[in-house]
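See structure below.
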Amino acid sequence: MTDALRTTLESRGARFGSGDGGSPTTFGDPAAEFTALATACAWSVERPAIVAALGTDVLDLLNRLSTNEVHDLAAGEARPTVLTSPKGRIVARLWCHHLGDPGVVLLGGGGMTDGIIAHLDRYTFAEDTRLSDADDRFATIVVRGPRATMAAAGLFEADPAPEITRSTEIDGCPVHVLGHDLLGGPGFTILAGTADGPAIVGAVDAAVRATGGMPAGVLAVEPWRIANGLPRAGAELDDEHNPLEAGLRDAVHFSKGCYVGQEVVARLETYDKVARRLMVVRPSDPSVTAPANGDALTRDGRRVGAITSA
């Protein structure tokens, strides 16, 4: 995050803490921010992993290593996919976007850029691929919530769509609009040049506030994510779980060619062997203390699950 963008955010009430990946912790009122996410929409500045992927063979490589059909991705198109291990476990969920002349960008969980590149490099031999860390090339502004499409109407001519990567302008600044909120909930993401971040924040803030929304920090976004049962890298999206357990069915193509981990994932689907699934758990009695992150869930003395996010 540039100093200019951080100053702009602080002027709007943003407070930063350690361990939040560079995203604002709060804008002063986490409860109000959570309410905006739940009933209107809210914007935030986030730091996902962003990998720039160039070369004539990059889409074929991704197709061989991930769960979705991406080899035919055309300019302006987007598709979710999952890098899996030979055991079919999650390495990383990726949002794959073809930006046209700038090439393909892969977005994943914050802090995972080096791991994503290392995994792809491990399976690269003679292919023409060039992967690089693009985290610092973009300012990433996310709008999420039930009124996100209303905010989009104040910024763009067309609603964002998950399968489309739209290149346009906001207040004269070039941006790429991605039709998802990086978590799988309702919303969209704007990739802007780092120098344009402050100007984009101003335009997005006005559009979101016109819907009754406001900015939101991690202290509001994280409980909103959990309440909506959306998986996150480092929590539900890790090598303890496979894509079907984590609810990433939309990122799995069941009739494509081979990929690393396909045999395991296909067997789980074919023989209905998915034994676990992601669920939201709430105490039926409000006076009962909710379980903590990492706690086991038991029934009649038998472990039936675990809390991955609380």
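Under a Gaussian network description of the chain, with springs only between Cα atoms under 10 Å, the residue in Ala151, Ala216, Ala14 that fluctuates furthest is Ala14. Over the range 59-175, with a single point scatterer placed on each C-alpha, what log10 of the ratio I(q)/I(0) does the Debye formula yield at q = 0.09, 0.10, 0.15, 0.16 1/Å? For the range 59-175, the Cα-only Debye profile gives -0.28, -0.35, -0.76, -0.86.
Counting every Cα pair in the range 230-310, what percent are over 17 Å apart? Cα-Cα pairs in the range 230-310 separated by more than 17 Å: 55 percent. Starting from the coordinates of the alpha-carbon atoms of the range 7-115, obtain the Kirkwood hydrodynamic radius over all distinct pairs and give the value in Å to one decimal. By the Kirkwood definition, the hydrodynamic radius is 16.2 Å.
Tell me the net charge near Gly55. Cut-off is 12 Å between Cβ atoms, Gly55 excluded, with +1 for each Lys or Arg and -1 for each Asp or Glu.
Details: positive: Arg130; negative: Asp57, Asp60, Glu127, Asp128.
That works out to -3.
Cα centroid separation, the range 281-310 to the range 104-130: 36 Å.
Quick check: residue separation of Phe125 and Asn293 times 0.36 nm, minus the Cα distance between them. What number comes out in nm? Numbers along the way, then the final one.
Working: separation 168, 0.36 × 168 = 60.48 nm, distance 4.03 nm.
Taking Phe125 through Asn293 to full extension adds about 56.4 nm, to one decimal.
Within the listed set Thr26, Thr194, Thr124, the Gaussian network model of the chain (springs between alpha-carbon atoms below 10 Å) gives the highest mean-square fluctuation for Thr124. The percentage of C-alpha pairs in the range 1-70 whose separation is greater than 14 Å is 71%.
Eigen-decomposition of the gyration tensor built on the alpha-carbon atoms of the range 154-305 gives equivalent ellipsoid semi-axes of 36, 24, 12 angstrom, largest listed first.
Are there any chymotrypsin sites (Phe, Trp or Tyr not before Pro) in the range 71-165 that are in a DSSP loop and have at most 11 other Cβ atoms within 10 Å? List them by number. Let's see the in-between values first.
Working: sites: Trp95, Tyr123, Phe125, Phe138, Phe156; in loops: Tyr123, Phe125, Phe156.
The qualifying sites are Phe125.
Average accessible surface for the chain: 47 Å² per residue, computed with a 1.4 Å probe over protein heavy atoms with every protein chain in place.
Taking only DSSP H segments of four or more residues, each worth -39500 (n - 2.57), what value at 222 nm results for the chain once the sum is divided by all its residues, to the nearest 500 deg cm²/dmol?
Details: 8 runs with 75 residues, N = 310.
Rounded to the nearest 500, it is -7000 deg cm²/dmol.
The loop-placed trypsin sites (Lys or Arg not before Pro) in the range 273-307, going by DSSP, that have at most 15 neighbouring Cβ atoms within 10 Å of their Cβ come out as Lys273, Arg276, Arg277. Note on Thr56 and Ala4: with the Förster distance fixed at 22 Å, the Cβ-Cβ geometry gives a FRET efficiency of about 0.05. Placing a pseudo-label 7 Å from each Cα along the Cα-to-Cβ vector at Asp285 and Ile307 gives an inter-label distance of 1.6 nm.
Shown for the range 165-243: the carbon plus sulfur share of the solvent-accessible area, taken with all protein chains present and a 1.4 angstrom probe, equals 52%.
Working from label points 7 Å from Cα in the Cα-to-Cβ sense, the Ala31 to Ile164 distance is 4.0 nm. Local charge for Ala139 was computed over the other residues whose Cβ lies under 14 Å away, with Lys and Arg +1 and Asp and Glu -1, and equals -4. Please say if the chain is rounded, prolate or oblate, where rounded means a/c under 1.5 for a ≥ b ≥ c the square roots of the C-alpha gyration tensor eigenvalues, and otherwise the choice is prolate for a/b larger than b/c and oblate otherwise? Verdict is oblate for the chain.
The values are calculated or read from the model by the stated rules, or taken from the named source; none is laboratory data. Keep in mind that what you see is a predicted model, and the values were worked out from it rather than measured. Please note: Cβ atoms are built from the backbone with ideal geometry, for glycine as well, and neighbour counts cover all protein chains shown. When the accessible area is computed, the model is the full protein with side chains, heavy atoms only, and any ligands, DNA or RNA have been set aside. Shrake-Rupley method; radii C 1.70, N 1.55, O 1.52, S 1.80 Å.
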